[in-house]
Amino acid sequence: MPDVYVYDSMPAPLRVQIVQILRDVIGVPEYPHEETIEQLYRIIVEVLRREYGEFKLPPVPKYGDRTYDRELTDFFLNTTDVERAVDVVEISFRVVDNVTSRPNYIGRRDPAKMAKQAIEELNTRFKEHGVGYQFVDGDVIRVDSELIHAEAVKPALRLLNTKNYKGAHEEFLKAYEHYRHGNIKEALNECLKSFESAMKSICDKRKWTYDPNDTAKKLIEVLYSNGLIPQFWQGQLGSLRSLLESSIPTGRNRMAGHGQGATPTEVPAHFAAYMLHMTASTLVFLTTAEAEMP
């Protein structure tokens with residue numbers, strides 16, 4: 001299995017496999033469910049048309065017209081813009097996740113299981129081809145390290161995907177979205193917002209007093225003063241407080257959060273990757289500590 005991911009190409013065999021997965025899980029427009037299935041492809045196509053300012057997704061046929069599933073397939077297989085290919089995957093599998101998983105979709109016995117298996121196969125195919133994306137929680141996110149993704153990013157998404165951490169969850173996904181599109185400074189800002197939101201959510205859940213305008217540093221002090229980290233651990237984890245106070249907040253404040261002067265500040269992508277992983281690890285630590293606290 002590849003251990004180095006690529007992000008600027010999507011091989012033709014992978015695209016064909018993705019089309020096959022979609023045809024399996026959404027279906028092929030034919031009797032007796034032709035109208036239902038074609039309607040789903042229409043939703044996907046119309047979202048893409050509007051996003052790209054097109055009346056028809058290219059390539060446009062010289063003669064006649066195409067069905068929506070054919071238009072989507074032709075576009076996905078032929079586009080040379082990898083970002084647009086990723087858009088097709090993201091929008092299509094949101095439909096898979098939210099619509100084809102509904103009870104009795106086109107008369108299936110267990111549509112939720114089939115939708116889940118389709119998403120699992122998609123992620124497996126990405127991995128097999130060494131393409132560094134995964135579909136998680138309704139978004140295509142970038143994978144930079146298989147180990148970190150498995151041990152930090154996915155657990156963070158799982159732990160945050162509750163009503164208590166809704167804001168932090170959305171902001172963490174936005175950080176990945178910005179990162180995938182090369183908006184590095186915006187990714188750092190969302191990292192900090194997610195970090196702060198998670199701490200505020202913990203305070204709300206535990207009814208600990210804090211000012212809504214508190215910064216990360218003050219929120220960290222609230223968590224420590226209320227014993228989120230047991231006293232006897234603070235000696236062994238002497239650098240923890242410094243890590244929480246300096247890594248995420250300082251990275252954002254120095255490189256993205258304030259005025260950059262006459263010369264624009266360039267934030268390298270590898271720094272953003274580090275901050276995303278640091279944020280994920282910290283979110284896992286804080287939410288797990290809160291869940292295990294008496």
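Since every read-out is calculated from the coordinates, none of them should be taken as a lab result. The structure displayed is predicted, hence computed values, not measured ones. No Cβ is skipped: glycine too gets one built from the backbone with ideal geometry, and neighbour counts run over all protein chains shown.
Figures for the structure shown
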read-out: Diffusion constant of the chain at 20 °C, which comes from Stokes-Einstein with the Kirkwood Cα-pair radius and 1.002 mPa s, µm²/s; value: 101
read-out: Those aspartates and glutamates that a straight Cα-Cα span of less than 15 Å connects to Lys185, excepting residues fewer than 8 apart in one chain; value: Glu171, Glu177, Glu266
read-out: Debye intensity ratio I(q)/I(0), log10, the stretch 89-160, q values 0.13, 0.14, 0.22, 0.27 Å⁻¹ (C-alpha model); value: -0.41, -0.48, -0.99, -1.22
read-out: Helix-derived mean residue ellipticity, 222 nm - over the chain, DSSP H n ≥ 4, -39500 (n - 2.57), to 500; value: -19000 deg cm²/dmol
read-out: Relative contact order of the stretch 30-176, pairs being alpha-carbon contacts under 8 Å that are 6 or more residues apart, as %; value: 14
read-out: Descending Cα extents along the principal axes, the stretch 1-127, whole Å; value: 43, 38, 22
read-out: Using alpha-carbon coordinates, inclination of helix 269-292 to the longest axis of the chain, degrees; value: 70
read-out: Cα-centred dipole magnitude for the stretch 6-151, charges only on beta-carbon of K, R (+1) and D, E (-1), debye, nearest 20; value: 360
read-out: Whole-Hz ³J(HN,Hα) from phi, Karplus 6.51 cos²θ - 1.76 cosθ + 1.60, for the stretch 217-225, glycine and proline x; value: 4, 5, 5, 4, 4, 4, 5, 5, 5
read-out: Three-way shape call for the stretch 1-76 based on the alpha-carbon gyration tensor, with the a/c threshold at 1.5; value: oblate
read-out: Choice from Ile44, Ile229, Ile91 showing the highest fluctuation, given a GNM over the chain with Cα pairs closer than 10 Å; value: Ile229
read-out: Whether the stretch 48-191 is rounded, prolate or oblate, judged on the alpha carbon gyration tensor where a/c under 1.5 counts as rounded; value: oblate
read-out: Most positive-pole-ward Cα, Ala187, Val131, Leu48, against dipole of the chain from beta carbon charges; value: Ala187
read-out: Sites Asp24 and His181, calculated FRET efficiency, Cβ-Cβ separation with R0 30 Å, nearest 0.05; value: 0.55
read-out: Estimated inter-spin distance, Tyr63 and Glu35, nm [label 7 Å along Cα→Cβ]; value: 3.1
read-out: Space enclosed by the convex hull of the alpha-carbon atoms of the stretch 17-60, per residue, Å³; value: 90
read-out: Separation of the Leu147 and Asp204 label points, Cα + 7 Å toward Cβ, nm; value: 3.6
read-out: When each of Lys56/Lys174; Lys163/Lys207; Lys116/Lys166; Lys193/Lys217 is checked by Cα-Cα distance, pairs over 24 Å; value: Lys56/Lys174
read-out: Residue with peak Gaussian network fluctuation, the chain [Cα springs, cutoff 10 Å], from Asn213, Asn123, Asn98; value: Asn213
read-out: Linear extension gain, Arg49 paired with Asn104, 0.36 nm per residue minus alpha-carbon span; value: 16.8 nm
read-out: Virtual spin-label span in nm between Gln117 and Val6, 7 Å along Cα→Cβ; value: 3.1
read-out: Cα gyration tensor shape for the stretch 164-234, rounded if a/c is under 1.5, else prolate or oblate; value: prolate
